[in-house]
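Below is one structure; the comments refer to it alone.
The values are calculated or read from the model by the stated rules, or taken from the named source; none is laboratory data. From a predicted model like this one, the values you see are computed outputs, not experimental measurements. Because the Cβ atoms are built from the backbone with ideal geometry, glycine has one as well, and the counts that use them run over all protein chains shown. Protein only, heavy atoms only, side chains kept; ligands, DNA and RNA dropped before computing areas. Shrake-Rupley method; radii C 1.70, N 1.55, O 1.52, S 1.80 Å.
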Amino acid sequence: DAGVIQSPRHEVTEMGQEVTLRCKPISGHNSLFWYRQTMMRGLELLIYFNNNVPIDDSGMPEDRFSAKMPNASFSTLKIQPSEPRDSAVYFCASSPSGGPYEQYFGPGTRLTVT
Amino acid sequence: AQRVTQPEKLLSVFKGAPVELKCNYSYSGSPELFWYVQYSRQRLQLLLRHISRESIKGFTADLNKGETSFHLKKPFAQEEDSAMYYCALVLSGGSNYKLTFGKGTLLTVNP
């Protein structure tokens with residue numbers, strides 16, 4: 001198993017552009033989490049899904065951010081329009097649902113907005 | 001509000017010295033706590049969880065409810081322990097669980 005897969009690994013874009021980050025969770029995991037990591041704020045939970053349904057999106061910073069999970073094997077995090085302060089590493093993680101199980105993290109997407 | 005505090009952003013020790021990474025939490029319920037670690041160029045991964053009461057790579061962490069702490073300790077640090085360490089608290093809502101992370105401590109073990 002390749003683990004959680006994220007793409008792209010690096011993204012450089014100009015302010016105002018749309019950015020889409022992608023995640024494929026581990027097969028059989030029903031919970032999926034999107035995090036943002038910055039030096040100032042550490043690791044922040046943006047949103048998480050259980051069985052493809054968004055459960056808690058209270059961490060999504062603004063309406064510019066949106067996330068979807070159309071099926072059990074794919075999720076996207078979209079930023080439109082992007083701003084320089086969105087520059088961060090974005091992680092996706094998955095875990096089995098129904099308990100406080102270990103979360104398995106992807107390699108992250110390093111986003112730079114110029 | 002639930003919160004996890006790691007007071008040290010940076011911690012530097014010499015090889016062979018004891019190391020303690022501090023973690024304090026605030027949570028009104030019964031806490032479940034984890035330590036995650038991120039080595040250079042590797043994914044964030046689980047190091048240990050308090051309910052297991054295990055020792056991983058020589059690290060242990062004891063939950064102290066009186067002091068609301070879950071400090072990570074190792075008696076003799078190794079250079080390969082250099083990494084970013086995150087303490088995390090599980091928040092549960094019915095059958096849904098999410099983690100609240102501290103801001104992390106970057107541990108450097110010098111030769």
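Which of the pairs B:73/B:103; B:9/B:73; B:15/B:65; B:57/B:103 have their Cα atoms more than 20 Å apart in this structure? Cα-Cα > 20 Å for B:15/B:65; B:57/B:103; rest within. The Stokes-Einstein estimate for chain A, based on a Kirkwood radius over Cα pairs and taken at 10 °C with 1.306 mPa s viscosity, is a diffusion coefficient of 114 µm²/s.
Of the options B:97, B:56, B:83, report the single residue whose Cα projects farthest towards the positive end of the charge dipole of the stretch B:49-111 (beta-carbon charges: Lys, Arg +1; Asp, Glu -1). Looking along the dipole axis, the top candidate is B:97.
Distant-in-sequence amide contacts of residue B:32, defined by a placed amide H-H separation under 5 Å and a gap of 5 or more residues or a different chain, comprise B:90. A DSSP coil position with no more than 15 other Cβ atoms inside 10 Å describes the following chymotrypsin sites (Phe, Trp or Tyr not before Pro) in the stretch B:1-110: B:39, B:76.
Computed 3J(HN,Hα) for the stretch B:44-53, one whole-Hz value per residue from the Karplus formula 6.51 cos²θ - 1.76 cosθ + 1.60 where θ = phi - 60°, is 5, 9, 5, 9, 7, 10, 6, 5, 7, 6, glycine and proline marked x.
Dipole magnitude for the stretch A:49-108: about 160 debye, using +1 per Lys or Arg Cβ and -1 per Asp or Glu Cβ, origin at the Cα centre.
Local charge sum around residue A:82 (other residues, Cβ-Cβ under 12 Å, Lys/Arg +1, Asp/Glu -1)? Before the final figure, lay out the partial values.
Numbers: positive: A:64, A:78, A:85; negative: A:11, A:14, A:18, A:62, A:83, A:86.
Its environment carries a net charge of -3.
The radius of gyration of the Cα set in the protein assembly as shown, together with its Dmax, comes out at 17.6, 50 angstrom. In the stretch A:16-63, the residues that give up 40 Å² or more of accessible area when the other protein chains are added, compared with the chain on its own (1.4 Å probe), are A:37, A:43, A:48.
Would you mind getting me the FRET efficiency between residue B:54 and residue A:58? Use the beta-carbon distance for r and R0 = 41 Å, nearest 0.05. With R0 = 41 Å, the Cβ-Cβ based efficiency is 0.80.
At the listed q of 0.14 Å⁻¹, the Debye profile of chain B, built from one uniform point per Cα, gives log10 I(q)/I(0) equal to -0.52. Between the amide H of residue B:63 and any residue lying 5 or more places away or on another chain, no distance stays under 5 Å, with hydrogens modeled in the peptide plane. On a per residue basis, the stretch A:16-92 carries 46 Å² of accessible surface, using protein heavy atoms and a 1.4 Å probe. If the chain linking residue B:5 and residue B:45 were pulled fully straight, counting 0.36 nm for each residue of separation and taking away their Cα-Cα distance, it would gain 12.5 nm. For the stretch B:2-111, state which trypsin sites (Lys or Arg not before Pro) are in a DSSP loop and have at most 12 other beta carbons lying within 10 Å of their beta carbon. Counting only loop positions with at most 12 other Cβ atoms within 10 Å, the trypsin sites (Lys or Arg not before Pro) in the stretch B:2-111 are B:9, B:41, B:53, B:57, B:65. The Cβ shell under 13 Å around residue B:68 holds other residues with a net charge of +1, Lys and Arg each +1, Asp and Glu each -1.
Straight Cα distances below 22 angstrom link residue A:24 to the lysines A:68, A:78, B:98, with same-chain residues fewer than 8 positions distant left out.
Would you mind telling me the share, in percent, of accessible area of the protein assembly as shown contributed by carbon and sulfur at probe 1.4 angstrom? Working shown, then result.
On the way: 5460 of 11070 Å².
So the carbon and sulfur contribution to the accessible surface is 49 percent.
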